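Values quoted throughout were computed directly from the atomic coordinates according to the rules given, and no laboratory measurement underlies them. In this text the structure is predicted, and so the values were computed from the model without any measurement. Cβ coordinates were reconstructed from backbone atoms using ideal geometry, including for glycine residues, and neighbour counts include every protein chain displayed.
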Amino acid sequence: MTTGTVVGGGPNGLAAAITLARAGVETTLLEAGDTVGGGVRSFEAIVPGLIHDHCAAIHPMAVGSPFLRSLNLERHGLRWLSAELECVHPLDDGSAGVLRRSVEDTARGLGPDGAAWRALFGRPVRNFDKIGPSMLGPLLRMPRHPLALAGFGAPTPLPAAALARAFRTPQARGLWGGVAAHAFRPLHEPMSSAIGKGMLTAGHAFGWQVAEGGSGAIAAALAAELLALGGRIETGVTVGAGDLPASDVTLFDLDPAQVARIVGDRMPPRIRRAFSGFRRGPGAFKVDFAVEDGVPWTNPDARRSSTVHLGGEFAEVAATERAITAGRMPERPFVLVGQQYLADPSRSAGDVHPIWSYAHVPHGYTGDATEAIIAQIERFAPGFRNRIIGTAVCTTTEMSRYNANFVGGDINTGSKDPLQLVFGPRITLQPYDTGVPGMYLCSAATPPGPAAHGMCGYHAATRALARM
Ligand SMILES: Cc1cc2nc3c(=O)[nH]c(=O)nc-3n(C[C@H](O)[C@H](O)[C@H](O)COP(=O)(O)OP(=O)(O)OC[C@H]3O[C@@H](n4cnc5c(N)ncnc54)[C@H](O)[C@@H]3O)c2cc1C
């Protein structure tokens, strides 16, 4: 029987292993941590019963993932839940840009900018079933529905700052800037709108949903599917150079530089150099809070939304993203706040609620951003500080210790500059190939990039199966 090994059990590793096992390959997944999941794990901390997401929290890309949808993970207990509102971007005057599930409701709320919002998202959202597989696939493949994809893709090469000019109000511009900032790139750079556009399109189509009981439920459901297909999972196994078990096919859900170290001189020198020189993105500094009675946002919509983006007007968000990319810590960093408990009350303990947050910081930032995060929340929710019962802090160093893929706190698994976003670690039409027969890269370092969609794993394993 053909044998397969997957190294790393994040959503992409699990998706790759499931794809192999579905094709009848005898598959073993090796994971360094005590549990599988990588960026989709949850933990109970600060107060008994309070459930926090270690990393990924909000899941437009997982819910919209053609691969995850094909698995019917609800059979393994996965349930998606929505808050009343998807995302709110408050401003200093108490107003906010509000993302609602439907394009129409969002457009109506954006007043004079409603028409521009409709023009950008109306058609791609209606066509999501046609464009989703291409949008979440290798970006340079011939699409099956080129016309539908053109409606989504035409503005994608543009800088986020250029798209922002389509909007007149600070609310719409701020809302767009906060979502575009998920790219961790300067917003004046070409293609800096691609990740935000994808998140908004999938978000309108499926909602910015959370997993009941914590994002760890996604990993648990994927692991259950793999085991049901006869796959094996070994945790607590860190694969290093010389540790690779003999296998007909091996997929790495890892940072490319780590793959270069493990595979060593079996890789063609040119590819090994490209993997070793993989460019990193800025970092995330994460703080989880236990908060009595939730966050006292000035803007009432922010009290009803699972996600709140804090960075003020578009120009301020753009300045923070430019600073962190240049290695400078801004005084007021861009901060993302998750209130998953609004969709999933089972994560709270009575009146004490888990608040998830992280700040965008320079790569490998060694300072403590806790106070900057609290100050940024206080700016839009005076009195927040007095409601904090406890915190759990994860610095950029701890982030990379927790998961070797998040080097220097780089939670996107590599800089998503135009070249790496389109191609992955090297310029090629086969972004999953490592140059070694039978060995493939399947992590978020490859297209379509970060998020808990599992599509990198699915495409890499499909490529591996096709070549076997
Ligand atoms: C703070 C934070 C917030 C985020 N928010 C969101 C969000 O809201 N929504 C969203 O969709 N995404 C979010 N993400 C991004 C998302 O988590 C990642 O893009 C996704 O997990 C990448 O999946 P992956 O399978 O490529 O790799 P990972 O999830 O990074 O998994 C890689 C796995 O490989 C293991 N590993 C590493 N080295 C070895 C080795 N040598 N041997 C064996 N195992 C090894 C690691 O332990 C890890 O389990 C967030 C990430 C972070 C950190």
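Counting Lys and Arg as +1 and Asp and Glu as -1 over every other residue whose Cβ lies under 14 Å from the Cβ of residue 68, the net charge comes to +2. Database remark: amide H of residue 358 closer than 5 angstrom to the amide H of 287, 336 (H placed geometrically; neighbours at sequence offset of 5 or more, or on other chains; Pro and chain starts carry no H).
Most exposed first by the Cβ proxy, i.e. fewest other Cβ within 10 Å, how do 429, 251 rank?
429, 251
Taking amide H positions as modeled 1.01 Å from N, with prolines and chain starts lacking one, the residues under 5 Å from residue 232 and 5 or more places away or on another chain are 27, 28, 29.
Quick check: the angle from helix 194-206's long axis to the longest principal axis of the chain, C-alpha only, nearest 10 degrees? Approximately 80 degrees, to the nearest ten. Share of antiparallel DSSP beta bridges in the chain, in percent to the nearest 5? Around 65 percent of the beta bridges assigned by DSSP in the chain are antiparallel ones. Listed from fewest to most Cβ neighbours within 10 Å, the set 295, 6 follows the order 295, 6. If you take all other residues with their beta carbon under 13 Å from the beta carbon of residue 92, and give Lys and Arg +1 and Asp and Glu -1, the sum is -2. Tell me the angle of helix 216-228 to the major Cα principal axis of the chain, expressed in degrees between 0 and 90 and rounded to the nearest ten. Orientation of helix 216-228: about 20 degrees from the principal axis. Using the charge dipole of the chain (Lys, Arg: +1 at Cβ; Asp, Glu: -1 at Cβ; taken about the Cα centre), state which of 352, 184, 375 has its Cα farthest towards the positive end. Sorting the options by dipole projection puts first 184. Each stretch of four or more DSSP H residues adds -39500 (n - 2.57); spread over every residue of the chain, this sum gives -10000 deg cm²/dmol at 222 nm. Taken one residue at a time, the phi angles of the range 106-112 give Karplus couplings (6.51, -1.76, 1.60, θ = phi - 60°) of 5, 4, 4, x, 8, x, x Hz. Gly and Pro are set to x. Computed from backbone phi, the HN-Hα couplings of the range 170-183 come to x, 5, 5, 5, x, 4, 4, x, x, 6, 4, 5, 4, 6 Hz, rounded to whole numbers (Karplus: 6.51 cos²θ - 1.76 cosθ + 1.60, θ = phi - 60°; Gly and Pro given as x). Remark on residue 2: its backbone amide H falls under 5 Å from those of 26, a criterion applied only to residues 5 or more positions apart or on other chains, H modelled at 1.01 Å from N. Here's the list of lysines a cross-link from residue 197 could span, going by alpha-carbon distance under 20 Å and ignoring same-chain residues fewer than 8 apart: 130, 416. If you take all other residues with their beta carbon under 14 Å from the beta carbon of residue 83, and give Lys and Arg +1 and Asp and Glu -1, the sum is 0. Relative to the dominant Cα principal axis of the chain, helix 11-22 is inclined by about 40°. Here the dipole of the chain is about 1580 debye; that uses its Cα centre as origin and unit charges on the Cβ of Lys and Arg (positive) and Asp and Glu (negative).
Taking the Cα centre as origin and putting +1 on Lys and Arg beta-carbons and -1 on Asp and Glu beta-carbons, what dipole magnitude results for the range 334-468, to the nearest 20 debye?
Details: 9 positive and 9 negative charges, 62 e Å.
In total the dipole reaches around 300 debye.
Going from the fewest other Cβ atoms within 10 Å to the most, the residues 306, 276, 443, 415 appear in the order 276, 415, 306, 443.
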